[in-house]
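Report on the structure given below.
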Amino acid sequence: MIGLLAMVLVLAACKASGQKEQSPKNYNLSLPSKFLMPESLFEISGIAFYKNNPDTVYAIQDEEGKFFRLAWGVKKQYHSKFGKKGDYEDVTIVNDKVVVLKSNGSLYIFPFADRFVEDIDSTREWKKILPEGEYEGMYGDDSTDNIYIICKNCAGDDKKQAVTGYIYHMGDSLAPAGNFSIDVDQIKALTGKVKRGFRPSALAKNPVNGYWYIISAVNKLMVVTDSNWKVIESVELNGNRFNQPEGIAFDKSGNLYISNEGDDLTQGNILKFTWSAK
């Protein structure tokens with residue numbers, strides 16, 4: 001009730017001042033469909049689809065080593081245990097493999113076919129393959145078998161200048177396949193001051209336009225880049241709607257999904273924004 005009242009007041013203030021809520025091109029962030037999470041996903045972090053198919057939402061939360069699956073709008077969840085308790089931040093599915101990212105940069109990989117197994121014993125852990133730091137965002141590309149991991153807070157980065165990401169190729173092993181960088185000055189040119197530097201919490205590639213969408217819970221921003229990581233949009237996220245945006249995914253139609261952790265007043269949720277070609 002309090003959250004609803006606050007949202008009404010914010011919208012009323014924006015209307016009175018003539019301000020329009022920001023949205024990236026092809027989306028209206030003020031008109032989401034909302035899926036409230038069950039208690040088990042109160043602290044939902046990463047979300048993913050298998051081959052961009054929205055029939056099943058796959059998710060993790062950041063305290064337990066469990067891989068969840070849900071149908072959109074249905075609170076009944078099923079899960080498989082893939083690891084011990086820990087700070088898990090993102091999940092992606094690359095063809096027939098599930099990859100889970102821990103905040104320290106460790107990766108946990110197991111077959112997608114094992115999603116129906118109650119206790120997965122085939123999980124393979126990859127430690128210390130990334131520079132020391134804090135990581136929250138990851139995306140897997142089916143067409144190349146590459147995974148992209150972006151740093152939230154790493155010693156080698158000056159977060160006020162640039163944020164670095166790392167690419168690994170998935171085969172029988174994990175092989176380094178390059179890196180990428182987002183220029184924070186390009187974000188500032190569109191947004192203004194970026195307090196505390198840019199700290200990404202999730203990223204995904206839109207299958208319709210090929211652009212990268214990066215969200216930051218700390219900055220309350222959505223940054224859109226082209227395929228070469230040049231920033232083309234930077235949009236402020238409404239703090240009443242995006243409580244703590246921690247996960248992002250797209251379905252095959254280009255519809256955008258963002259997961260939010262809950263807090264004392266709100267449940268965890270996933271917000272869906274419909275793609276519009278206009």
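For the stretch 238-278, give me the residue count where each residue is under 13 Å from residue 37 (Cβ atoms), of a type in the set (Phe, Trp, Tyr) and not in a strand (DSSP E or B).
Number of matching residues: 0.
Considering only the stretch 107-157, state which residues are aliphatic (A, V, I, L, M) and in contact with a strand residue (DSSP E or B) (Cβ under 7 Å, 6 or more places away or on another chain).
Passing the criteria: 107, 109, 117, 120, 129, 130, 138, 147, 149, 150, 155.
Can you pull out the residues in the stretch 190-208 that are surrounded by 17 or more Cβ atoms within 10 Å (Cβ to Cβ), out of contact with any Gly (no Cβ under 7 Å at 6 or more places or on another chain), part of a loop (DSSP other than H, G, I, E, B) and not small (Gly, Ala, Ser)?
Result: 194, 198, 199.
Can you tell which of 187, 232, 147 is crowded, with 17+ Cβ neighbours inside 10 Å, part of a strand (DSSP E or B), of a type outside the set (Phe, Trp, Tyr) and on the phi < 0 side of the Ramachandran plot?
Answer to the selection: 147.
Which residue out of 145, 87, 121, 172 is touching a helix residue (DSSP H, G or I) at 6+ places or on another chain (Cβ under 9 Å) and either among the small types (Gly, Ala, Ser) or free of Cβ contacts under 8 Å to residues at least 60 places away in the same chain (or both)?
One residue alone meets the criteria, 121.
Does residue 218 fit the bill of being modelled with pLDDT under 95, hydrophobic (A, V, I, L, M, F, W, C) and within 24 Å of residue 264 (Cα to Cα)?
For residue 218, the condition - modelled with pLDDT under 95, hydrophobic (A, V, I, L, M, F, W, C) and within 24 Å of residue 264 (Cα to Cα) - is met.
As an exercise: evaluate residue 51 against (1) surrounded by 14 or more Cβ atoms within 10 Å (Cβ to Cβ); (2) under 17 Å from residue 93 (Cα atoms) and give the number of the one condition it does not meet.
(1)
Of everything in the stretch 164-183 that's among the hydrophobic types (A, V, I, L, M, F, W, C) and within 19 Å of the chain's Cα centre (by Cα), which residue is farthest from residue 225 (Cα to Cα)?
Filtering the stretch 164-183 for residues that are among the hydrophobic types (A, V, I, L, M, F, W, C) and within 19 Å of the chain's Cα centre (by Cα), the one farthest from residue 225 (Cα to Cα) comes out as 167.
Considering only strands (runs of 3 or more DSSP E) fully contained in the stretch 31-94, which possess at least 1 residues that are within 20 Å of residue 256 (Cα to Cα), hydrophobic (A, V, I, L, M, F, W, C) and within 15 Å of the chain's Cα centre (by Cα)?
Strands (runs of 3 or more DSSP E) meeting the threshold: 44-50, 53-61, 88-94.
If you check residue 121 against the conditions, is it assigned to a helix (DSSP H, G or I) and either surrounded by fewer than 16 Cβ atoms within 10 Å (Cβ to Cβ) or modelled with pLDDT of 95 or more (or both)?
no
With (1) surrounded by 14 or more Cβ atoms within 10 Å (Cβ to Cβ); (2) over 18 Å from the mean Cα position of the chain (by Cα) as the list, and residue 155 as the residue in question, which single condition is left unmet?
(1)
With the checklist (1) modelled with pLDDT under 95; (2) surrounded by fewer than 19 Cβ atoms within 10 Å (Cβ to Cβ) in hand, flag the one item residue 127 doesn't pass.
(1)
Looking at the stretch 95-118, which of the residues that are part of a strand (DSSP E or B) and charged (D, E, K, R) is surrounded by the most Cβ atoms within 10 Å (Cβ to Cβ)?
It comes out as 102.
Looking for something small (Gly, Ala, Ser), under 30 Å from residue 39 (Cβ atoms) and modelled with pLDDT under 95 - is there at least one such residue anywhere in the stretch 163-185?
No; the residues of the stretch 163-185 include none that is small (Gly, Ala, Ser), under 30 Å from residue 39 (Cβ atoms) and modelled with pLDDT under 95.
With respect to the numbered conditions (1) in contact (Cβ under 8 Å) with a residue 60 or more places away in the chain; (2) crowded, with 19+ Cβ neighbours inside 10 Å, which one is the sole condition not fulfilled by residue 262?
Going through (1) in contact (Cβ under 8 Å) with a residue 60 or more places away in the chain; (2) crowded, with 19+ Cβ neighbours inside 10 Å one by one, residue 262 breaks only (2).
The values are calculated or read from the model by the stated rules, or taken from the named source; none is laboratory data. Just so you know, these numbers come straight off a predicted model, no measurement behind them. Here Cβ is always computed from backbone atoms with ideal geometry, including for glycine, and neighbour counts include all displayed protein chains.
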